[in-house]
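The structure under discussion appears below in the form of structure tokens.
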Amino acid sequence: MLKSKRGKWLNMFVVLMSVVLVMSACGNGNSSNQGASPSAEPSQTASNDTGNGGEATQPKLKVVTSFYPLYYLASEIGGEHVEVVNLIAAGVEPHDWTPKSKDLSTASNAQLLLYHGAGLELWIDQFQKGLSKDSKVVTKEMSAGIALISGEGHDHDHDGDDHDHDHDSDDHDHDAEEGHSHSHDIDPHTWVSPKSSIILAENVKTSLIETDPVHEDYYNERFETLKNELVQLDQKYTEVLEKAPQKNLVVSHQAFGYLARDYGLTQTAIMGLSPDAEPRAQDILKIAKFVKENGVKYIFFEELVSDRLAKTLASEAGVETMVLNPLEGLTKEQEKSGATYLTLMESNLQNLTKALQ
């Protein structure tokens, strides 16, 4: 009899615990699912960034740029509505760079490809031919509208027409492509002058709006902010360099023609438009004589190229060396430290102020 009663109570206890467990599981179902979903928080964040009507955010405009200055401008103007990829990695000298198959794939999947033009990217014609046939990427040249300087230092108008380049191979990897020196007819280094950078920025803005007109107001607003910063930079360069007693700029690489033209300086370069061009011994001696006769105190060199020749000339002339950044790309250290076009241009002005006393 006692065993029978104990069995009944045991059965009732088991049934009761089963009911409690079922009710507990039902009550906690929602919170359990939220905790297990890794996408719950990101989805909520994305939904907060909605347009009118609470619809999901549109995909970002995919933009590919050929080198750092255009990457900076596109990122600053495009803001949260663009995804910008720069083809040339930090620490790589643009004159030594050639595109690979992965670069063609990246550009083919983008909506907008921005390149400088004016003879900087000698690979651009073959690159465009190598894009996938179903690619819808729009290609834009950003130096259009800038009065360009010839290799001999003379200005001429630039209407944005394509320049003819010789290419030795149709291989999409371009590993064997020759001819990385610039065209002898044009100096492409427009971006080292704030005056030219304002035009480049406007061309970038226009290209973004034409490709993504939905965000026209946003791009215009961010462009005006950036333009104001570039105008202020231009004013600083004008005020400081007008007062500089020394107007002779002696550099390792002939990359500062636009800076010299726009701010009343005279550029003397050890090497030509391409930084890997080797000068003759008599050229070094001639420039050393110029340095001594004109009271030049510093020879400028750049960080992405060897400073050997600049130091050789400085030693010959009995002067010092200093960095003047042509801003063709960032070093890995500059990228990690958060350096930008604007901060590097400020540093350039500080070095110019010291060197041109």
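Bear in mind these aren't lab numbers, they're just calculated from the coordinates by the rules spelled out. The structure displayed is predicted, hence computed values, not measured ones. Quick reminder, even Gly has a Cβ in these numbers, built from the backbone with ideal geometry, and neighbours come from all protein chains shown.
Observations on the structure shown:
- Highest mean packing first, where packing is the average number of other Cβ atoms within 10 Å per residue, the peptides 260-268, 59-67, 323-331 line up as 323-331, 59-67, 260-268.
- Compactness of region 220-330, taken as the C-alpha radius of gyration over 2.2 N^0.38 Å, stands at 1.19.
- Here the 3J(HN,Hα) profile of region 216-226, calculated from phi with Karplus coefficients 6.51, -1.76 and 1.60 at θ = phi - 60°, is 4, 4, 4, 5, 4, 5, 5, 4, 4, 5, 5 Hz, Gly and Pro shown as x.
- Region 206-259: C-alpha gyration tensor shape, a/c 1.5 cut-off, then a/b vs b/c: oblate
- Pairs beyond 32 Å (Cα-Cα), from 140/247; 236/332; 133/336; 102/336; 243/336; 289/332: 140/247; 133/336; 243/336; 289/332
- Estimated FRET transfer efficiency (residue 80, residue 185; beta-carbon r; R0 45 Å; 0.05): 0.65
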